[in-house]
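Below is one structure, written out as structure tokens; comments come after it.
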């Protein structure tokens, strides 16, 4: 089934998309509750429990047929291994960023995705880039430069998250792999990575996995994989242009949580930098919408 690009969509699909976005946006709040267990333990359990959850999803969806072709084709298998390693790195950086009070910077990374997509498409795939897209990209890059030049900040975490997400999306977009099967295969290497972390780094503070708070660890895999599945389902029912705009609600929710719940620093220079990035994002979305209408 191909993602929907038509204008008509059902309310259920939109609800799935919104629910996925809200779960994504609440990640900082959820993982803050697990901080007492220690970063390495939390990361290990998140990686460990993802595969059992996706295995159950595959059984329920009867999607095993999508797994077999990947093992039969090096053209499919190697890219899946690469995307799995990207996911493993993203998860580690994301959880670490939450634990080290860098939620606002993590949000910035996702706002930069359109700029990175434009640069990646131009450099690696020789895609034609319009003046409007260059303007949007330039504003976003200028926002990052402002943070570095005026505050001396090095927003490497946000830049790395945005760039890795862009590369991941570019690879997955070109793979003919069923979404559920692809997600399951990406969790297989994570399972072994997580198993090693759980053995090497037991829960800090004498906490037990069987306590109410301990249940947050295995449930973290469900909490982070569920919105991906919901988003995939929504993509078959809702125009991608609408889903694309909804996607940016997730980092916005996280951004607000970082500032108003966890009181992260947000100076006037941050306001200027984010205003430039947001302006670039809005121009990019506007140009994308205009192009979509011209195609229709």
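Take the conditions surrounded by fewer than 19 Cβ atoms within 10 Å (Cβ to Cβ), on the phi < 0 side of the Ramachandran plot, modelled with pLDDT under 90 and touching a helix residue (DSSP H, G or I) at 6+ places or on another chain (Cβ under 7 Å) and apply them to residue 120. Does it pass? For residue 120, the condition - surrounded by fewer than 19 Cβ atoms within 10 Å (Cβ to Cβ), on the phi < 0 side of the Ramachandran plot, modelled with pLDDT under 90 and touching a helix residue (DSSP H, G or I) at 6+ places or on another chain (Cβ under 7 Å) - is met.
Can you report the number of residues in region 130-154 which are outside any helix (DSSP H, G or I) and loosely packed, with under 13 Cβ neighbours inside 10 Å?
Going through region 130-154 one residue at a time, the tally reaches 3.
Residue 265 satisfies every condition listed in (1) part of a loop (DSSP other than H, G, I, E, B); (2) in contact with a helix residue (DSSP H, G or I) (Cβ under 6 Å, 6 or more places away or on another chain) except (2).
The residue that is modelled with the lowest pLDDT, counting only those in region 53-63 that are farther than 18 Å from residue 221 by Cα and surrounded by 14 or more Cβ atoms within 10 Å (Cβ to Cβ), is 63.
Would you tally the residues in region 212-250 being part of a helix (DSSP H, G or I) and closer than 25 Å to residue 48 by Cα?
Filtering region 212-250 for residues part of a helix (DSSP H, G or I) gives 216-235, 240-247, 249-250.
Then keep just the ones that are closer than 25 Å to residue 48 by Cα; that gives 216-233, 250.
So the count comes out to 19.
Residue by residue through region 159-175, note down the ones that are within 13 Å of residue 186 (Cβ to Cβ) and not in a helix (DSSP H, G or I). 175, the sole residue that qualifies. Is it the case that region 14-23 has a residue that's farther than 26 Å from residue 259 by Cβ and surrounded by 15 or more Cβ atoms within 10 Å (Cβ to Cβ)? Yes, some residue in region 14-23 is farther than 26 Å from residue 259 by Cβ and surrounded by 15 or more Cβ atoms within 10 Å (Cβ to Cβ).
Residue-by-condition table, conditions (1) surrounded by fewer than 16 Cβ atoms within 10 Å (Cβ to Cβ); (2) within 20 Å of the chain's Cα centre (by Cα):
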position	(1), (2)
217	no, yes
220	no, yes
277	no, yes
282	yes, yes
291	yes, no
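Being without any contact (Cβ under 8 Å) to a residue 12 or more places away in the chain and over 22 Å from residue 26 (Cα atoms) is true for just one of 190, 210, 203, 215. Which residue is that? After applying the criteria, what remains is 210. Evaluated against (1) touching a residue at least 12 places away in the same chain (Cβ under 8 Å); (2) part of a helix (DSSP H, G or I); (3) surrounded by fewer than 16 Cβ atoms within 10 Å (Cβ to Cβ), residue 71 falls short on exactly one condition, (1).
For region 29-39, the set of residues classified as over 20 Å from the mean Cα position of the chain (by Cα) and closer than 14 Å to residue 200 by Cα consists of 37, 38, listed by residue number.
The values are calculated or read from the model by the stated rules, or taken from the named source; none is laboratory data. In this text, all values refer to a predicted model and were calculated from it rather than measured experimentally. Backbone-built Cβ (ideal geometry, glycine too); neighbour counts: all protein chains shown.
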